[in-house]
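Engineer: Take a look at the following structure, please.
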Amino acid sequence: MPKSVLVADDSLTIRKVVSMLFATEDFTLTSVDNGLDAVAKARELRPDLVLADCMMPGKSGYDVCHELKSD
C-alpha cells in the first residue's frame, strides 16, 4: 500500500518538482497551494507526511503544523 504525502506550497514550480521526485516511488501525492487548504486536506486524507512551505497564503507552514499537531 503506497504511503500518502501532502505537499502544501504556493509555488507551482516547487509542487511540480516534488511531484517529479516522488513519481518513481510508491507514494500517493496530493498538492495544495495554500495553508487553509492544507489543513482541510490533511484532516480529510490523514497523510503519512506533510511537506509545507513556511510562507503561504492563508496560513503559514508553521500554522499548518501547529493545527495538525493539536488535532
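All of the numbers you see were taken from the coordinates with simple rules; none came from a lab. Bear in mind that the values here come from a model prediction, so they are computed numbers and not experimental data. Please note: Cβ atoms are built from the backbone with ideal geometry, for glycine as well, and neighbour counts cover all protein chains shown.
Engineer: Leaving out same-chain residues fewer than 8 places away, which aspartates and glutamates sit with a Cα under 13 Å from that of Lys16?
Structural biologist: Asp33
Engineer: Could you work out the Kirkwood radius for the range 15-56, taking every pair of different alpha carbons, averaging 1/r and inverting it, reported in Å?
Structural biologist: Roughly 11.1 Å, rounded to one decimal.
Engineer: What's the magnitude of the charge dipole for the chain around its Cα centre, counting Lys and Arg as +1 and Asp and Glu as -1 at the beta-carbon? Answer in Debye, nearest 20. Mind showing how you got there, number by number?
Structural biologist: Working: 8 positive and 12 negative charges, 15 e Å.
Rounded to the nearest 20 debye, it is 80 debye.
Engineer: If you don't mind, there's one more thing I want to ask. As I understand it, the value is the acute angle between the Cα axis of helix 12-22 and the longest principal axis of the Cα atoms of the chain; what does it come to in degrees, rounded to 10?
Structural biologist: 50 degrees
Engineer: Estimate the FRET efficiency between Ser70 and Leu21 by the formula 1/(1 + (r/R0)^6), using the beta-carbon distance for r and 22 Å for R0, to the nearest 0.05.
Structural biologist: With a Förster radius of 22 Å, E is 0.15.
Engineer: At q = 0.20, 0.27, 0.28 Å⁻¹, what is the base-10 log of I(q)/I(0) for the chain according to the Debye formula with one equal point scatterer per Cα and no solvent? Please give it to two decimals.
Structural biologist: Evaluating at q = 0.20, 0.27, 0.28 Å⁻¹ gives log10 I(q)/I(0) of -0.75, -1.22, -1.28.
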